[in-house]
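Worksheet: the structure to be examined is printed underneath.
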Amino acid sequence: MPNRLADATSPYLLQHAGNPVDWWPWSAEAFDEARRRGVPVLLSVGYAACHWCHVMAHESFEDEAVAAYLNEHFVAVKVDREERPDVDAVYMEAVQAATGQGGWPMTVFLTPDAEPFYFGTYFPPGPRHGMPSFGQVLQGVAAAWQERREEVGEVAGRIAADLAERTSGFGAAGHAAPGEDGLHQALLGLARHFDGRHGGFGGAPKFPPSMVLEFLLRHHARTGSDAALEMAERTCDAMARGGIHDQLGGGFARYAVDAAWVVPHFEKMLYDNALLLRAYLHLWRATGSPQARRTALDTAAFLLAELRTPEGGFASALDADSPDPATGEPAEGAYYVWTPAQLAAELGEEDGRRAAALFAVTEEGTFEHGASVLQLPEDPDDLPWYESVRARLLAARARRTPPARDDKVVAAWNGLAVAALAEAGALLERPDLLEAALAAADLLLSVHLTPEGRLLRTSRDGRPGPNAGVLEDYADVAEGFLALHAVTGGPEWLQLAGGLLDTVLVHFADPDTGALYDTADDAEQLIRRPQDPTDNAAPSGWTAAAAALLSYAAHTGSERHRTAAERALGVVGALASRAPRFIGWGLAAAEAHADGPREIAVVGPAGDDATALLHRTALLATAPGAVVTVGAPGGTEPDGTEPDGGDTGGGEADGTGGEVPLLRGRPLLGGRPAAYVCRRFTCDAPTADAAELAAAVGARVQ
């Protein structure tokens with residue numbers, strides 16, 4: 001019989017709806033029930049694509065005896081960390097403080113007042129490698145609760161008090177956005193951790209450093225640093241050739257278990273692929289690398305083919321596990337790996353042998369049971385043959401049972417996808433990619449944005465989820481809307497971004513310090529208000545907001561938004577030299593701040609070839625964080641019609657009222673389309689020459 005998770009919109013919660021465990025969703029009612037019964041709460045946090053979450057579910061949560069004991073002695077609460085990143089962040093901080101490590105599934109025992117007192121991650125069904133079994137943990141916690149409840153309560157109270165006092169020490173006070181020296185020190189710090197042999201930073205496991213790559217490319221563009229460009233190029237080349245990159249279907253896995261990018265942890269996340277699409281696109285923009293262009297297009301193709309939902313949004317992830325073709329049992333990576341015999345069976349002996357050599361498939365294998373993850377150590381010398389083999393193997397793989405898909409739509413990650421696809425559509429001259437970005441943006445507007453202008457975190461099948469958006473949702477969706485404005489010239493996208501960022505300033509920012517919180521001031525109150533400026537697998541809400549605020553200020557001239565961006569970037573100044581690997585998006589924003597950022601306004605009639613050439617050249621600018629707008633002179637729409645709303649009333653330019661501030665007072669040049677390059681609305685002489693514009697903004701002629 002289904003439990004209380006049966007009506008959830010989260011695929012992860014729905015995976016547990018048939019468990020014999022009497023799960024509750026995170027809710028006040030769950031804690032009221034624990035208080036009524038006088039029992040502790042078991043909080044289990046995971047996500048749908050999590051391999052070890054599936055393992056623990058199968059071993060323990062599907063076990064009738066374990067479930068019976070759990071139901072008798074606890075109130076069990078299940079949380080999707082992607083749906084409730086605030087709950088995950090608060091209790092993960094406690095787990096890491098208590099154990100020195102963290103991960104998922106996260107297992108935390110709480111009092112009925114939501115105060116944690118015992119922590120862990122995965123627990124096996126039997127004692128293993130010095131680790132207690134899950135059953136032993138349940139019995140031990142139940143005994144402690146029954147026999148030493150006062151002591152447990154004191155411990156929980158101290159832990160909760162300690163968590164409540166933890167806030168980021170980095171606001172505006174004492175710190176400023178990093179300048180030339182700070183950004184150089186960040187580069188030196190990255191160089192110390194750079195893997196000169198395999199690319200990337202640090203050892204195994206190795207995660208794609210997409211946000212650091214953006215910083216390196218911007219730093220190279222601003223300073224000409226060869227070291228920055230080399231680190232970016234070598235990392236991108238190694239990842240594109242490695243097993244972490246799906247050599248058949250495109251897209252990247254979440255991380256590699258080894259230092260050489262050979263064997264991935266096979267789950268594929270939307271945020272990784274959106275960020276990496278943009279990183280490879282920007283590498284191509286800077287260098288013209290054919291491999292970077294191919295990888296960007298392959299990643300975009302993966303997003304559209306495997307993550308796009310019928311409503312036009314993008315699903316969160318693909319699972320790591322799928323049925324093994326030989327046994328039918330779930331196995332990690334089974335969908336993706338090959339043996340020489342399997343290649344020969346699909347391609348014939350000769351082509352199978354050549355494909356095995358090309359993709360580094362060996363008899364010994366690079367994965368389990370003699371199978372290999374496909375790599376591409378060298379470029380193929382026969383491109384038509386290579387494309388034919390890829391297509392044939394992809395068709396053969398499609399006959400396997402694919403991994404499950406977590407098809408909930410997360411606002412923040414869709415914002416990242418909108419930005420990446422909009423830019424890719426424009427720069428690579430692929431209108432279908434821009435159309436996909438617009439469709440996803442429309443879904444965010446129609447389903448995730450409330451009439452009050454607030455965002456909802458998730459949706460599924462066009463049905464909004466129950467949870468309020470967090471800081472990263474507002475910041476990343478604003479980033480996506482700003483990218484759409486740059487590509488289309490539509491003033492509505494600038495207005496929408498401004499509305500979201502105003503909500504950030506009102507509900508997420510500390511007015512005294514400029515620090516940013518992950519949750520709104522009117523959101524559900526947890527035992528502490530989460531706040532983390534460091535980037536993890538995706539930009540933190542803090543750094544994403546700083547970047548979007550800076551871009552919006554450059555578009556509009558709004559000092560309010562620029563000041564907020566500069567105050568938020570103070571944390572980057574504090575961490576630039578100490579932890580550059582974990583503040584990459586903030587460093588990228590700081591590079592934009594150091595460069596201006598530059599504002600590029602292209603004026604000219606829509607449909608005019610000269611306007612289009614200047615606009616494309618502007619979008620190819622490598623100047624860090626350059627903002628671009630295009631339209632007819634005098635603030636009219638690109639199609640020549642008058643905008644709705646009219647003048648902003650003579651006050652501070654803020655992008656409202658339908659007018660695009662960067663276009664205000666920018667006439668044609670001798671009757672010809674023109675481009676204006678400005679910093680803080682002070683402009684150089686306009687030009688009608690695309691080559692002159694390219695030289696001014698670091699655009700490589702394509």
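Scanning the stretch 18-40 for residues that are of a type in the set (Asp, Glu) and in a helix (DSSP H, G or I) yields Glu29, Asp32, Glu33. Looking only at the stretch 156-171, residues that are assigned to a helix (DSSP H, G or I) and either at pLDDT 95 or above or touching a Ser or Thr at 6+ places or on another chain (Cβ under 8 Å) (or both) come to 1 in all.
Of the residues contained in the stretch 58-68, one or more are found to be within 30 Å of Ala315 (Cα to Cα), among the hydrophobic types (A, V, I, L, M, F, W, C), at pLDDT 95 or above and in contact with a His (Cβ under 8 Å, 6 or more places away or on another chain). Filtered by the rule that a residue be assigned to a helix (DSSP H, G or I) and farther than 18 Å from Ala422 by Cβ, the stretch 273-291 gives Ala286, Thr287, Pro290, Gln291. Considering the conditions (1) surrounded by 19 or more Cβ atoms within 10 Å (Cβ to Cβ); (2) within 29 Å of the chain's Cα centre (by Cα), Ala360 is excluded by exactly one of them, (2). Among the residues of the stretch 623-634, is there at least one that is of a type in the set (Val, Ile, Thr), at pLDDT 95 or above, assigned to a loop (DSSP other than H, G, I, E, B) and buried (at least 24 other Cβ atoms within 10 Å of the Cβ)? No, because not a single residue in the stretch 623-634 is of a type in the set (Val, Ile, Thr), at pLDDT 95 or above, assigned to a loop (DSSP other than H, G, I, E, B) and buried (at least 24 other Cβ atoms within 10 Å of the Cβ). Among the residues of the stretch 383-397, are any more than 30 Å from Arg84 (Cβ to Cβ), modelled with pLDDT of 95 or more, out of contact with any Cys (no Cβ under 8 Å at 6 or more places or on another chain) and not in a helix (DSSP H, G or I)? No, the stretch 383-397 contains no residue that is more than 30 Å from Arg84 (Cβ to Cβ), modelled with pLDDT of 95 or more, out of contact with any Cys (no Cβ under 8 Å at 6 or more places or on another chain) and not in a helix (DSSP H, G or I).
Applying the criterion of being outside any loop (DSSP other than H, G, I, E, B), modelled with pLDDT under 95 and touching a Lys or Arg at 6+ places or on another chain (Cβ under 9 Å) to the residues of the stretch 315-352, the residue that is surrounded by the most Cβ atoms within 10 Å (Cβ to Cβ) is Ser322. All of (1) under 29 Å from Leu14 (Cα atoms); (2) within 17 Å of the chain's Cα centre (by Cα) hold for Glu423 with one exception: (1).
Evaluation of Phe119 against the conditions (1) at pLDDT 95 or above; (2) assigned to a strand (DSSP E or B) shows that the sole unmet condition is (1). For residues in the stretch 657-685 being crowded, with 21+ Cβ neighbours inside 10 Å and not in a strand (DSSP E or B), which is modelled with the lowest pLDDT? The selected residue is Glu659.
A single member of His220, His184 is surrounded by 24 or more Cβ atoms within 10 Å (Cβ to Cβ), more than 21 Å from Ala538 (Cα to Cα) and not aromatic (Phe, Trp, Tyr), and it is His220. Do we find a residue being closer than 27 Å to Gln247 by Cβ, out of contact with any Lys or Arg (no Cβ under 6 Å at 6 or more places or on another chain), among the aliphatic types (A, V, I, L, M) and in a helix (DSSP H, G or I) anywhere in the stretch 399-414? No, the stretch 399-414 contains no residue that is closer than 27 Å to Gln247 by Cβ, out of contact with any Lys or Arg (no Cβ under 6 Å at 6 or more places or on another chain), among the aliphatic types (A, V, I, L, M) and in a helix (DSSP H, G or I). Spot the failing condition for Arg4; the list is (1) among the charged types (D, E, K, R); (2) surrounded by fewer than 23 Cβ atoms within 10 Å (Cβ to Cβ); (3) modelled with pLDDT of 95 or more, and only one is missed. In the conditions (1) among the charged types (D, E, K, R); (2) surrounded by fewer than 23 Cβ atoms within 10 Å (Cβ to Cβ); (3) modelled with pLDDT of 95 or more, Arg4 misses (3) alone.
One residue is enough: does the stretch 587-596 have a residue meeting the conditions surrounded by fewer than 24 Cβ atoms within 10 Å (Cβ to Cβ) and farther than 18 Å from Val212 by Cα? For the stretch 587-596, residues surrounded by fewer than 24 Cβ atoms within 10 Å (Cβ to Cβ) and farther than 18 Å from Val212 by Cα: present.
Quick grid of which residues meet (1) acidic (Asp, Glu); (2) touching a strand residue (DSSP E or B) at 6+ places or on another chain (Cβ under 9 Å); (3) more than 27 Å from Arg457 (Cα to Cα):
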{"site": "Ala48", "(1), (2), (3)": "no, yes, no"}
{"site": "His54", "(1), (2), (3)": "no, yes, no"}
{"site": "Phe117", "(1), (2), (3)": "no, yes, yes"}
{"site": "Pro124", "(1), (2), (3)": "no, yes, yes"}
{"site": "Gly130", "(1), (2), (3)": "no, no, yes"}
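Annotation note: Cβ proximity below 9 Å between a residue of the stretch 26-49 that is over 29 Å from Ser316 (Cβ atoms) and a residue that is of a type in the set (Lys, Arg) and at pLDDT below 95 (sequence gap 6+ or interchain) occurs for Gly38/Arg149.
Any residue at all in the stretch 297-311 that's in contact (Cβ under 8 Å) with a residue 40 or more places away in the chain, more than 23 Å from Arg254 (Cα to Cα) and either in contact with a Leu (Cβ under 6 Å, 6 or more places away or on another chain) or outside the structural domain of Leu421 (by TED's automatic domain parsing) (or both)? Yes, the stretch 297-311 contains a residue that is in contact (Cβ under 8 Å) with a residue 40 or more places away in the chain, more than 23 Å from Arg254 (Cα to Cα) and either in contact with a Leu (Cβ under 6 Å, 6 or more places away or on another chain) or outside the structural domain of Leu421 (by TED's automatic domain parsing) (or both).
Scanning the stretch 512-535 for residues that are under 28 Å from Gly557 (Cβ atoms), in contact with a helix residue (DSSP H, G or I) (Cβ under 9 Å, 6 or more places away or on another chain) and of a type outside the set (Ser, Thr, Tyr) gives Gly514, Ala515, Leu516, Ala520, Asp521, Pro533. Just one of (1) closer than 23 Å to Ala143 by Cα; (2) assigned to a helix (DSSP H, G or I) fails for Leu43. It is (2). As a summary of the residue check, His485 satisfies the conditions (1) farther than 28 Å from Glu599 by Cα; (2) part of a helix (DSSP H, G or I); (3) in contact with a strand residue (DSSP E or B) (Cβ under 7 Å, 6 or more places away or on another chain) except for the one numbered (1). Evaluation of Pro530 against the conditions (1) modelled with pLDDT under 95; (2) over 16 Å from Glu472 (Cα atoms) shows that the sole unmet condition is (2). Select the helices (runs of 4 or more DSSP H) contained entirely in the stretch 516-612, then report the ones holding at least 2 residues which are assigned by TED's automatic domain parsing to the domain that holds Ala497 and of a type in the set (S, T, N, Q). Correct list: 541-556. Listed conditions (1) at pLDDT 95 or above; (2) under 25 Å from Asp181 (Cβ atoms) are all met by Thr617, apart from (2). At pLDDT below 95, surrounded by 14 or more Cβ atoms within 10 Å (Cβ to Cβ), out of contact with any helix residue (DSSP H, G or I) (no Cβ under 7 Å at 6 or more places or on another chain) and not assigned by TED's automatic domain parsing to the domain that holds Ala574, is that true of Gly153? In short, yes. Flag: Ala468 does not match the condition of being within 21 Å of the chain's Cα centre (by Cα), surrounded by 20 or more Cβ atoms within 10 Å (Cβ to Cβ), within 17 Å of Phe508 (Cα to Cα) and not aromatic (Phe, Trp, Tyr). Among all residues of the stretch 511-527, there is at least one that is touching a Lys or Arg at 6+ places or on another chain (Cβ under 8 Å), more than 26 Å from Met231 (Cα to Cα) and polar (S, T, N, Q). Selection within the stretch 420-478: residues that are part of a helix (DSSP H, G or I) and among the charged types (D, E, K, R). The member of this set that is farthest from Leu549 (Cα to Cα) is Asp432. Once the stretch 246-272 is narrowed to residues that are of a type in the set (Gly, Ala, Ser) and outside any strand (DSSP E or B), the residue that is farthest from Ser210 (Cα to Cα) is Gly249.
The values are calculated or read from the model by the stated rules, or taken from the named source; none is laboratory data. What you are looking at is a predicted structure, and each value in this text was computed from that prediction instead of being measured. Positions of Cβ are backbone-derived with ideal geometry, glycine not excepted, and every protein chain shown enters the neighbour counts.
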